[in-house]
Amino acid sequence: MLGEIALWSFVILLLTGTFLSLFFVPSMNDVVYHGSYIKLDGVKMSEAYQSTLNISFDVRGGLLMRQIHHWAADLFMAALIAHMLRVFFTGAYRKPREINWLIGIGLFRWDYSRAYSATRCPMTSYPAPACGSSRACCKESRLSARTWGSSCSAARSPGASSSRGCTFLHVLLIPGLLLGLITAHLFIMFHQKHTQMPAKGNTEKNVVGQPFFPYFLAKGGAWFFFIFAGLVLLATSPRSTRSGYTGRIRRWPSRPPPSPTSTWACWKARCASCRPGRSISSAIP
């Protein structure tokens with residue numbers, strides 16, 4: 001069940017992401033906003049952020065697609081973590097299923113990268129805390145500062161190449177890697193058969209349960225519609241629709257803000273920077 005939730009969440013991510021990519025402009029050229037969102041009328045911003053606002057307020061169904069895309073990403077990560085925990089604590093990662101376990105670790109790693117690149121595509125105030133988070137993770141995992149610098153320097157002084165690079169990662173490269181890993185995972189699972197708990201009549205060479213067609217296909221299709229309906233309910237909830245999906249326009253500080261020294265400090269700074277009236281430089285310790 002957990003694997004199916006992750007699978008259908010990823011399918012919804014692909015569908016909504018394809019829709020959003022048709023209207024998103026990965027450019028850091030300065031423009032003056034004169035759109036439907038009156039509170040930001042006349043504000044100077046990047047063209048990438050302007051296209052994000054246009055998706056939310058001018059494209060029919062755009063805000064709904066953004067919300068569904070957001071909640072599907074959260075659900076995919078949550079289902080993936082829960083599925084891996086189930087596999088780990090039931091011992092389903094042992095021989096001959098080590099490869100599928102490594103594929104699951106790769107999915108988690110690349111989905112984390114996908115979430116990180118998503119914060120930098122619109123080029124609002126969110127990239128700086130995300131950059132600090134990645135630096136803190138690199139420090140704690142004893143990765144070199146050079147590794148962090150090559151991936152995060154653009155967030156400290158954003159430019160046109162930064163937005164295009166993040167869009168390439170978030171829209172093409174990482175989804176392609178995830179799709180390939182999920183496809184390989186499903187083919188290996190189909191070949192090795194699904195794991196089952198010890199019971200009377202269960203062996204390593206048989207699978208006890210309902211047939212794949214039509215029972216399992218019908219069940220999987222029903223799961224897709226249930227998950228999609230749940231995501232739509234989350235996306236249209238009052239708290240979700242007023243949670244500030246327009247982001248916040250702030251000036252980049254003249255000097256790069258000091259990065260947090262730990263993951264906890266970084267997330268504390270990330271939450272503080274989202275409060276009204278707080279700037280990046282004052283939010284990050």
Original post:
By a straight-distance test (C-alpha under 19 Å), which aspartates and glutamates pair with K205 as possible cross-link partners, with residues fewer than eight away in the same chain excluded?
Top reply: E98
Original post:
From the square roots a ≥ b ≥ c of the eigenvalues of the alpha-carbon gyration tensor of segment 19-58, which class results: rounded (a/c under 1.5), prolate (a/b over b/c), or oblate?
Top reply: oblate
**OP:** Compare the Cα positions of G62, G91, L107 along the charge dipole of segment 49-116 (+1 at Cβ of Lys, Arg; -1 at Cβ of Asp, Glu; about the Cα centre) and return the one farthest towards the positive end.
**Re:** G91
Original post:
Can you give me the Cα centroid spacing of segment 1-77 and segment 177-212 in angstrom?
Top reply: 36
Original post:
What list do you get for R97, R86, R114 if you sort them by fewest beta carbons within 10 Å?
Top reply: R86, R97, R114
Subject >> 3J(HN,Hα) from dihedral phi, segment 172-187, Karplus parametrisation 6.51/-1.76/1.60, rounded to Hz, x for glycine, proline >> reply: 10, 5, 5, x, x, 5, 4, 4, x, 5, 5, 4, 5, 4, 5, 5
Original post:
In the P(r) worked out for segment 1-104, what percent of Cα pairs fall beyond 21 Å?
Top reply: 52
**OP:** Mind ranking 67-78, 100-111 by how tightly packed they are, going by the mean number of other C-beta atoms within 10 angstrom, highest first?
**Re:** 67-78, 100-111
Original post:
Do any trypsin sites (Lys or Arg not before Pro) in segment 164-218 lie in a DSSP loop with no more than 10 other beta carbon atoms within 10 Å, and if so, which?
Top reply: K200, K205
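Since every read-out is calculated from the coordinates, none of them should be taken as a lab result. Only a predicted model underlies this, so the values are computations on that prediction, with no experimental measurement involved. Neighbour counts run over all protein chains shown; Cβ positions are idealised from the backbone, glycine included.
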